[in-house]
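First the structure, in the form of structure tokens, and then the observations on it.
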Amino acid sequence: MKEEDAKPIKITEQTSHFDHLEQMSVLEILQHINEEDAMVAEAVKQVIPKINVLIEAIEPRLKRGGRLFYIGAGTSGRLGVLDASELPPTFGVPETWVVGVIAGGDRALRHTVEMAEDVAEQGWRDLLAYHPTADDTVLGIAASGTTPYVVGAVSMARQHGLLTGGITNNLNTPLAKAADYVIETIVGPEFVTGSTRMKSGTAQKMILNMISTTLMIRLGRVRGNRMVNMQLSNAKLIDRGTRMLQETLGLSYDEARRCLLEAGSVEKALKQRSAF
């Protein structure tokens, strides 16, 4: 076999450090899972420079009106959809700014869609529904780094001039070769062998949080350390916004609440008060 034909070693498929799990007590299982999880933050720390470079490439594109697409299958796809769906209520941005695309469509968020991730051409077909442009970014998420749906989408996006990135938990994968930027977070074997919903998924969630939160801050959706553009969609968020205005403007609770509801957001209320 030629060296270039050799398949990459999937760290995510290596045998767990633990065996005879069914013979462990509940406490032992919990302690060992926690021990494994403790390794994730350090693994993510190691790739911060690569996350930084990716964000710096995405930021100007978003400022020009581009969008960020997360694309994945299974757990990876669900994590992308989750992160994207939380940004509008948290930062008051349109749903079109960051979009999560999952193999098998919305049904796959709750149910297994057989073979959905195995069709290499389908990922790009799904992205075409959004009419992608050169200012858009496609970020493929795949613990294995080999998922055809994800690799195919990233490869085609790159061919069409979009910025591309990949998040994976293995080294030297097809996803890494397909993307402009790759973040390889090596968390080691899973507690349950091959169950990448565990450490690998945790690492992916942490990285997605870092990427989206940093971008929202850089795009002016945070003031100080406050979510001043959050949607006032429930009593808890109205109360949070009211207390922000209380603290910032020195108003009574009732006056701050009235000011908030009239303006529609903390940011707008602050701008209106500064004009007085």
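The values are calculated or read from the model by the stated rules, or taken from the named source; none is laboratory data. What you see is a predicted model; the values in this text were computed from it and never measured. Positions of Cβ are backbone-derived with ideal geometry, glycine not excepted, and every protein chain shown enters the neighbour counts. SASA here: full protein model, heavy atoms, side chains in, ligands and nucleic acids out. Shrake-Rupley method; radii C 1.70, N 1.55, O 1.52, S 1.80 Å.
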Query raised in the report: Just wondering, is there one or more residues in the range 135-146 that are of a type outside the set (Val, Ile, Thr), modelled with pLDDT of 95 or more, over 30 Å from Asn234 (Cβ atoms) and surrounded by fewer than 19 Cβ atoms within 10 Å (Cβ to Cβ)?
Result: yes
Requested in this report: Kindly indicate whether Glu36 is at negative phi, open to solvent by less than 10 Å² (accessible area, probe 1.4 Å) and of a type in the set (D, E, K, R).
Outcome: yes
Query raised in the report: Going by the conditions given, is Thr112 open to solvent by 80 Å² or more (accessible area, probe 1.4 Å), out of contact with any strand residue (DSSP E or B) (no Cβ under 6 Å at 6 or more places or on another chain) and under 29 Å from Gly188 (Cβ atoms)?
Result: yes
Requested in this report: Go through the range 219-230 residue by residue and tally those that are touching a residue at least 24 places away in the same chain (Cβ under 8 Å) and either surrounded by 16 or more Cβ atoms within 10 Å (Cβ to Cβ) or on the phi > 0 side of the Ramachandran plot (or both).
Outcome: 7
Query raised in the report: Of the residues that make up the range 186-200, is at least one within 23 Å of the chain's Cα centre (by Cα) and under 18 Å from Ala84 (Cβ atoms)?
Result: no
Query raised in the report: Of the residues Leu54, Leu109, which single one is modelled with pLDDT of 95 or more and either of a type in the set (A, V, I, L, M, F, W, C) or more than 26 Å from Lys199 (Cβ to Cβ) (or both)?
Result: Leu54
Report summary line: Screening Ser233, Ser274, Ser252 for residues that are at pLDDT below 95, surrounded by fewer than 16 Cβ atoms within 10 Å (Cβ to Cβ), out of contact with any helix residue (DSSP H, G or I) (no Cβ under 8 Å at 6 or more places or on another chain) and of a type in the set (Ser, Thr, Tyr) leaves only Ser274
Report task. Starting from residues that are without any contact (Cβ under 8 Å) to a residue 60 or more places away in the chain and either part of a loop (DSSP other than H, G, I, E, B) or open to solvent by less than 40 Å² (accessible area, probe 1.4 Å) (or both), keep the ones in the range 174-196 and report whichever is nearest to Leu163 (Cα to Cα). Result -> Ala179
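Rundown of residues vs (1) under 22 Å from Lys177 (Cβ atoms); (2) among the β-branched types (Val, Ile, Thr), yes/no style:
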position	(1), (2)
Glu35	no, no
Ile48	no, yes
Gly65	no, no
Gly74	yes, no
Asp83	no, no
Query raised in the report: Which one of these does Arg218 not meet: (1) among the charged types (D, E, K, R); (2) under 21 Å from the mean Cα position of the chain (by Cα); (3) under 19 Å from Lys268 (Cβ atoms)?
Result: (3)
Query raised in the report: Among helices (runs of 4 or more DSSP H) lying entirely in the range 1-115, which contain 3 or more residues that are more than 23 Å from the chain's Cα centre (by Cα)?
Result: 26-46
Query raised in the report: Looking at the range 66-87, is at least one residue modelled with pLDDT of 95 or more, farther than 19 Å from Gln204 by Cβ and among the β-branched types (Val, Ile, Thr)?
Result: no
Report task. For the range 90-122, name all the residues that are out of contact with any helix residue (DSSP H, G or I) (no Cβ under 8 Å at 6 or more places or on another chain) and either of a type in the set (Phe, Trp, Tyr) or farther than 24 Å from Ser144 by Cα (or both). Result -> Thr96
Report task. Give the residues of the range 238-276 that are part of a helix (DSSP H, G or I) and in contact (Cβ under 8 Å) with a residue 60 or more places away in the chain, sorted by residue number. Result -> Glu267
**Report entry** Which listed residue, of Thr164, Thr193, is in contact with a Ser or Thr (Cβ under 8 Å, 6 or more places away or on another chain) and farther than 27 Å from Phe91 by Cα
**Finding:** Thr193
